[in-house]
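Data first, discussion second: the structure below is written as structure tokens.
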Amino acid sequence: MGGDPMTTWTAQHFFERIVPRRIADDPKKYAQMRGTIGFHIEGSGSWTLQLGNLSRPVGPGRPRRTDLDLSFTSRAFDALIAGTLDPERELEDGELDIAGDVKLLRELASLVSVPTGMLGFLGRDI
């Protein structure tokens, strides 16, 4: 797992600490969500978010099949965390790849802080 140590810590911290805390803030809301979101952060690793799963909502690795798959370069993931991600530019530059049900971005945004620009992809075929 090479890559920038700050991004590795940030990604690990995000998935192992921040996401579970946000779920704990409103477990009833989270329990009603459905879907599997796979994340891959270049040089940092992969995680899976299982919407609606209160016993183990986030885990390391990415299953073969997800409803939504998000791949970030370390720079793009840092921008996501900072709230400065420009998804259209990152897609064009190859810094971000989105595959699957983009409607799940709305669920993700309600769970964690995701730039509102990510929601612009709702209804688009990417």
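Just checking, which of F77, F72, F14 is without any contact (Cβ under 8 Å) to a residue 60 or more places away in the chain, out of contact with any Gly (no Cβ under 7 Å at 6 or more places or on another chain) and either among the β-branched types (V, I, T) or buried (at least 17 other Cβ atoms within 10 Å of the Cβ) (or both)? Result: F72 is the single residue among F77, F72, F14 that is without any contact (Cβ under 8 Å) to a residue 60 or more places away in the chain, out of contact with any Gly (no Cβ under 7 Å at 6 or more places or on another chain) and either among the β-branched types (V, I, T) or buried (at least 17 other Cβ atoms within 10 Å of the Cβ) (or both).
Figure legend. Inter-residue proximity from segment 58-69: first residues loosely packed, with under 11 Cβ neighbours inside 10 Å, second residues not β-branched (V, I, T) and not in a loop (DSSP other than H, G, I, E, B), beta-carbon distance below 7 Å, spacing 6+ or different chains. Indicated pairs: G61/S46.
Answer yes or no as to whether L91 is among the hydrophobic types (A, V, I, L, M, F, W, C), assigned to a loop (DSSP other than H, G, I, E, B) and farther than 26 Å from K28 by Cβ. No, not satisfied.
Bear in mind these aren't lab numbers, they're just calculated from the coordinates by the rules spelled out. Every value quoted in this text rests on a predicted model; they were computed, and no experiment measured them. FYI the Cβ positions are ideal-geometry reconstructions off the backbone, even for glycines, and counts take in every protein chain you see.
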